[in-house]
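See below for the structure under consideration.
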Amino acid sequence: MSDIQRAAEKYAAYGVDVYKAIETLKNIPISVHCWQGDDVLGFENSGALTGGIQTTGNYPGRARTAEELMADYDFALRLMPGKKRINLHAIYAITDKPVDRDKLEGKHFDKWIEFANERGLGIDFNPTFFSSPMMKDGLSLSSPDENVRQYWVRHGKACRKIAQYIGEKTNGYVLNNIWIPDGYKDVPSDRLSPRLRLKKSLDEILEEKYDRVVDAVESKVFGIGVESYTVGSNEFYQNYAATRGICCLLDNGHYHPTECVSDKIPALLAFYDKVALHVTRGVRWDSDHVVILEDELKEIAKEIVRNDALGKVLIGLDYFDASINRISAWIVGQRSMEKALLYALLLPNDKLRALQDSARFTELMVLQEEVKMLPFGDVWAAYLESCGLTESFYPQVAAYEKDVLAKRK
Ligand code: RNT
Ligand code: ZN
């Protein structure tokens, strides 16, 4: 008997069909952020990354051009199992000469659309409200300076139009996620006015109706150098999204360390038909470490799978590490998400729920612990094999590093 046959039997004893789980996993889209490949710098050559986010490390081989980023991305995507989408930011526009962010158009993303269509991938989009001289005093959409605020409103509108264009050209939907870094390093004297300005700006941006755009807003608790006050807080955006009929995007690096996004997902599912995610790993003050298979990631996956929310939760990755091989970082994070989803798909969820509902809490604990020992790794290996992959991928990445990345000086 092969490993997978033996594993299938063990899982079957708990009423779990491993082959069905494998097939389901293959069709769960994961949006892979392009920005892991170049330390979130984009193609504007505007200089440093600002807005309270940081990449640390200077591992050699960062992609510096669209050609390099696409080549690296393509290489990484091939080593990722399952269904993928491409997650772009406005600063990844491909233009002959510099184009202001409020003047960006769909055509500046034609090369990405071609890249996606050749590979049968969907695309998601993000306006870029950071790393720009047009941010004034750390503010964009909430700025008291009308010129600044209106510039960013125009950018927001331009991006939704681009998202619609991409949706049409790729024949799908596009998640357009708004995150702004606006906030203050130290105690402000007015916490309301910036929020009222943000509310007004968002209303202006969302005026136009688009059938292919899924609009989302992403909250945050604090940024580096923006520790005391964040305009786009969790309460602000949840109320905004609920009253405007748009979607919340939860980034699991954007909450207090003891808060769990896994618990927020079902809370939102009670009210929203869609919830978007930025899956990342918070470590102390940093919110953007490479995703690995840890407990909270498993809990997030469980809340998606056992609430029948595979079509409702839009899963995207968001992390950036410049201290290790960036392609490996990309792959480890995507594979970890896939592992967590597979793990959740292999749980006897109906049995566990029945135990909870009949208050058999002792057995619930016993069973939850027991299934942790099932041969999950054998099913993962079978899944990889069915995708034409193996667990080992580092030698290929190392060869690419030697042949391609190391030559970038
Ligand atoms: C920042 C947010 C945001 C960015 C990306 C680049 O804290 O998480 O989503 O990481 O848009
Ligand atoms: Zn995020």
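The values are calculated or read from the model by the stated rules, or taken from the named source; none is laboratory data. The model shown is predicted, which means the values in this text are computed figures rather than measured ones. All Cβ positions, glycine included, derive from the backbone under ideal geometry; neighbour counts span all protein chains shown.
Some points to look at:
- When the residues of region 248-261 are filtered to those that are under 30 Å from TYR165 (Cα atoms) and touching a residue at least 40 places away in the same chain (Cβ under 8 Å), the one that is farthest from ligand 2 (Cβ to nearest atom) is ASN252.
- Residue in region 127-147 that is in a strand (DSSP E or B), over 30 Å from ASP403 (Cβ atoms), within 16 Å of ligand 2 (Cβ to nearest atom) and of a type in the set (Phe, Trp, Tyr) present: no
- Annotation note: of ASP102, ASP124, ASP74, the sole residue that is outside any loop (DSSP other than H, G, I, E, B), modelled with pLDDT of 95 or more and touching a Phe, Trp or Tyr at 6+ places or on another chain (Cβ under 7 Å) is ASP102.
- Pairs linking a residue in region 267-295 that is more than 27 Å from GLU227 (Cβ to Cβ) to a residue that is aliphatic (A, V, I, L, M) and in a strand (DSSP E or B), with Cβ atoms under 7 Å and 6 or more positions apart or on different chains, are LEU269/VAL275; LYS274/VAL214; LYS274/LEU314; VAL275/LEU250; VAL275/VAL313.
- Residue within region 54-69 that is surrounded by fewer than 18 Cβ atoms within 10 Å (Cβ to Cβ), out of contact with any strand residue (DSSP E or B) (no Cβ under 9 Å at 6 or more places or on another chain), free of Cβ contacts under 8 Å to residues at least 24 places away in the same chain and assigned to a helix (DSSP H, G or I) present: yes
- Selected residue (criterion: farthest from ligand 1 (Cβ to nearest atom)) from residues of region 309-328 that are crowded, with 24+ Cβ neighbours inside 10 Å and part of a helix (DSSP H, G or I): ILE327
- Qualifying residue in region 208-215 (condition: of a type in the set (D, E, K, R), assigned to a strand (DSSP E or B), under 24 Å from ILE123 (Cα atoms) and within 12 Å of ligand 1 (Cβ to nearest atom)): no
- Those residues of region 87-97 which are away from ligand 2 (no atom under 16 Å from the Cβ) and either crowded, with 20+ Cβ neighbours inside 10 Å or among the basic types (Lys, Arg) (or both), in sequence order: ALA93, LYS97
- Residue in region 307-324 that is under 24 Å from GLN54 (Cβ atoms), more than 16 Å from ligand 2 (Cβ to nearest atom), more than 18 Å from the chain's Cα centre (by Cα) and polar (S, T, N, Q) present: yes
- Qualifying residue in region 183-206 (condition: assigned to a strand (DSSP E or B), buried (at least 18 other Cβ atoms within 10 Å of the Cβ) and more than 16 Å from ligand 2 (Cβ to nearest atom)): yes
- Candidates are the residues of region 216-241 that are within 15 Å of ligand 2 (Cβ to nearest atom) and in a strand (DSSP E or B); the one that is surrounded by the most Cβ atoms within 10 Å (Cβ to Cβ) is ALA216.
- Residue within region 279-294 that is more than 16 Å from ligand 1 (Cβ to nearest atom) and assigned to a helix (DSSP H, G or I) present: no
- ASN177 vs. criteria in contact (Cβ under 8 Å) with a residue 60 or more places away in the chain and either touching a His at 6+ places or on another chain (Cβ under 9 Å) or among the β-branched types (Val, Ile, Thr) (or both): yes
- If you filter region 9-20 down to residues that are surrounded by fewer than 21 Cβ atoms within 10 Å (Cβ to Cβ) and not hydroxyl-bearing (Ser, Thr, Tyr), you find that the one that is farthest from GLY120 (Cα to Cα) is ALA13.
- Any pair with Cβ under 7 angstrom, 6 or more apart, that starts in region 379-391 at a residue that is over 15 Å from ILE331 (Cβ atoms) and ends at one that is acidic (Asp, Glu) and not in a helix (DSSP H, G or I): ALA381/GLU391
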